[in-house]
Every structure is written in structure tokens, then in C-alpha cells.
Amino acid sequence: MIHRKASAYIHKGNLENNLRQLRAIAGSSKICAVIKADAYGHGAVIISRVLADAGVDFLAVAYLEEALELREAGIKTPLLVLGTTDPGNADIIVSNRISQTVFTQDLAKALSESALRLGRPAFVHVKIDTGMHRQGIEPRQAGSFVSFVSRLGGVRIEGCYSHFTEADNPDSDFSTRQIEVFNRALDAIRAEGIEPGIRHMANSAALLRIPESRMDMVRPGVLLYGLSPDADHRLPGGFKPVMEFRAAVTSLRDIGEGEGVSYGRIFTASRPTRIALLQVGYADGYSRHLSNRAAVVIRGKRAPVAGRVCMDQIMVDVTDIPEARVGDEATLFGLPELPAGELAEIMGTIDYEVSCGISKRVPRVLIERG
Ligand SMILES: Cc1ncc(COP(=O)(O)O)c(C=O)c1O
């Protein structure tokens, strides 16, 4: 019996391919790759190194801790923290040359004090709330807020940005309204005699569908990883899955007709059945919602999940794959014929949650070629 753990293989070539696709669509706009949440579960350091080598313009994370992880790993690419940060951390932000989102006077003032004390500029991107109502200043306050920030010593306004609520919905015109609100806020900033710097709004869905959203920079996340931004889980042509989640077959057993498998025996064999055991479970991020509903691919053929997903193991029906052997690696998702979106559909969620859910105990393994 072998004990090989589940692994998330990160296909470097597919990541580079997806970046090229995004660049072709973005035209002259800079690319800010969104690599928050451990690069949507792919491994932020691994992904950032590949993207930095490929010359990406910016990397965006949600939290300061995520930015520091990258700086500690030696990533020199400009970094933007999208979330707000406790003003008490201003020195750390400034001394690590991290660009910080601001929409409160407190944080802007703290960054200014640190910049003056440390003798280094504080770079900020002003967030404008154009309809998401999550974070950002009110558009009508844009002129006065940016004017306040611009008068703070040591602070450089590197950019202004906003975020779409439903760019993934082709039937909605709300994104167009958000762009109008954003542009009016930028006009109010210019009326104060201040240049807004890098203007950015577009996530993956907007980048694909709304040319006027591209501005000076775009902020794609999910498409970079070869996952779909849409509720229908369709991946646009040319993009390829970056993460392939695999687990080895660690044993095989034959059971008779009428016998049950796993907790609660919700799978009952309708014929003499061969069951393969895979060393992966919901503790690795393979959701229990996939019990008896998903399939894996072994030797190019689909094997249905038999019974409940356990914490550390799953069983799959390989009766129709007699060539399956102990040691074979099964793919749980990340193939064109078995995309993460297929699991997301079963789980009633979006592609994002499938890759983000792969847990820390799964090693991320960079595959350089092939
Ligand atoms: C502020 C912001 N910008 C850009 C993105 C990237 O979005 P997507 O992964 O849909 O491209 C996100 C992700 O949620 C975000 O929160």
C-alpha cells in the first residue's frame, strides 16, 4: 500500500498562456494580477514568481500579511493591498514599499506620518464606491477626500479605483452606470487640480466584456487561473486551467452486488464493483457536497465518487476501468474535460470557491513544462 498525499499541480505554462491572453485583450492597459487568498488557492509565492518573471505590472492582495509574505519571498513587483489596514501598521506598509488602498482620513494621515518619519514616500490608491457598497469613499466626496490626501506630506496618489458588482451579468447595465459614476468622480478630482494617477476598475468579467472598463490598468484574478468568472462556469476559449488537483489510488477492493460504501452507505453496488481508495477528503478541500455526485479521471476515464466523501479519503467506482492500478494518479479537477466548474456546479457555488477551498495540507507543486 502506498501513502501518497493529494497534490495541487500548478501548470506554469498554462499560467503564462492565460497572462498572454489577458494582455492581448487588455491592449495598452497595465495588468494588476489579483493574487489574494494565496492566489485563489494556487500558492501566492509560486504564482507571483512566475508572474513577476513574465513582467506583470502589479500584484494585488487583500491583506497586508499577504503582501508581506511576498516581500519576504523576495518579490519586488509593485504590490497593492486592496483591503483596508490598521493605521498602526503604517510604518510596515511604507518601509516595504507597499501601495495601500485608502478611503479613510485616519489611514491616510498615519501613512503620511510614517512617510515623513521614515523619509520614504507612502503610495496610495484611493478607492471610490460606485455601487458595491463594500468599501470606498462616496463619489460625491471624491474631490474633497483626494484633495485632503494630496496635501498630506509624503503621500503619493498612485491611483484611483473602483470595483464592479455584476460585470459577470451580460444582461445588466449596472457596470456602465458604475463607469459613469467613477468617471464623474475622477472629473471632480481633476477639478481640484489633482491627477488621479492609474485609473482601474476591470475584474476578469469586465475585462472580457466591457472595453471602456479597461482604463489604465485591469485587475484580473479568476481568468488568470483558467477558471470561469461566470455563474455558468464556462471558460472563454484560449484560457487553460492552472491547477490540477490529483490524488493517488492507494488501494483497490472488490465488493459484491448490494454492498454499501462509506459512511451511511449512500452508495450501494448495483453489480459486482471495484472500488479504488484515494488519499484525499474534505479536509483537503474536496467538498462533502461532492459525495456520490462527482467523478474523477483515472487513465483518461471517468470514475464516479462512490458514497460519502470522508475527511481524509474518498472511494471511487473503477469497475469500468479494469486497467486502474494502485499508484495511478486520479485527477479530481483541472482538466479541460473535468474543470473546477463541474465541481462548482454540483456544490452550488462559483469556480473561485473550489480552488480557494484547497487546504493548506495539500502541497502546491510547480510543473515547469508539459
Ligand atoms: C477589488 C478586486 N479587484 C479585482 C478582483 C478580481 O476579480 P476576478 O477574480 O473576478 O477577476 C477582485 C476579486 O474578487 C477584487 O476584490
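Here are the numbers:
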read-out: Angle in degrees between helix 105-118 and the longest Cα principal axis of the chain, rounded to the nearest 10; value: 80 degrees
read-out: Cα-projected label distance for Asp91 with Asn169, points at 7 Å along beta-carbon direction, nm; value: 4.7 nm
read-out: FRET efficiency estimate (nearest 0.05) - Cβ-Cβ, Ser144 to Glu323, R0 45 angstrom; value: 0.05
read-out: Extension gain from Arg156 to Lys360, taking 0.36 nm per residue of separation minus the Cα-Cα distance; value: 69.8 nm
read-out: Calculated FRET value between Arg134 and Ser251, using beta carbons and R₀ = 30 Å, to 0.05; value: 0.05
read-out: Taking the chain and dividing mean pair separation by its residue count, relative contact order in percent (alpha carbons under 8 Å, at least six apart); value: 19 percent
read-out: The chain: angle of helix 174-191 to the longest principal axis, Cα-based, in degrees nearest 10; value: 30 degrees
read-out: Residue with peak Gaussian network fluctuation, the chain [Cα springs, cutoff 10 Å], from Gly136, Gly197, Gly334; value: Gly197
read-out: Candidate lysines for bridging to Lys5, where Cα separation is under 19 Å - those fewer than 8 sequence places away on the same chain excluded; value: Lys360
read-out: Partner lysines for Lys109 [C-alpha distance under 22 Å; skip if fewer than 8 residues away on the same chain]; value: Lys127
read-out: Proximal lysines relative to Lys12, as straight alpha-carbon distance under 17 Å, when same-chain residues fewer than 8 apart are discounted; value: Lys240
read-out: Between 0 and 90°, nearest 10: helix 44-53 axis offset from the chain longest Cα axis; value: 60 degrees
read-out: Within a Gaussian network of the chain (alpha carbon springs, distance under 10 Å), most fluctuating of Ser114, Ser99, Ser270; value: Ser270
read-out: Cα Rg over Rh - the chain, Kirkwood; value: 1.06
read-out: Hydrodynamic radius by Kirkwood, which averages 1/r over all alpha carbon pairs of region 12-225, in angstrom; value: 17.3 Å
read-out: Distance from region 155-225 to region 276-308 (C-alpha centre basis), Å; value: 40 Å
read-out: DSSP bridge orientation in the chain - percent antiparallel, rounded to nearest 5; value: 50 percent
read-out: Per-selection Kirkwood Rh - region 99-202 (Cα, Å, 1 d.p.); value: 14.0 Å
read-out: Estimated FRET transfer efficiency when R0 is 41 angstrom, pair Ala52-Asp106 (beta carbons, to 0.05); value: 0.80
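Where a number appears in this text, it was derived from the coordinates with a stated rule and is not lab data. All figures in this text were calculated on a predicted structure; none of them were measured in a lab. All Cβ positions, even for glycine, are placed from backbone atoms using ideal geometry, and neighbour counts span all protein chains on display.
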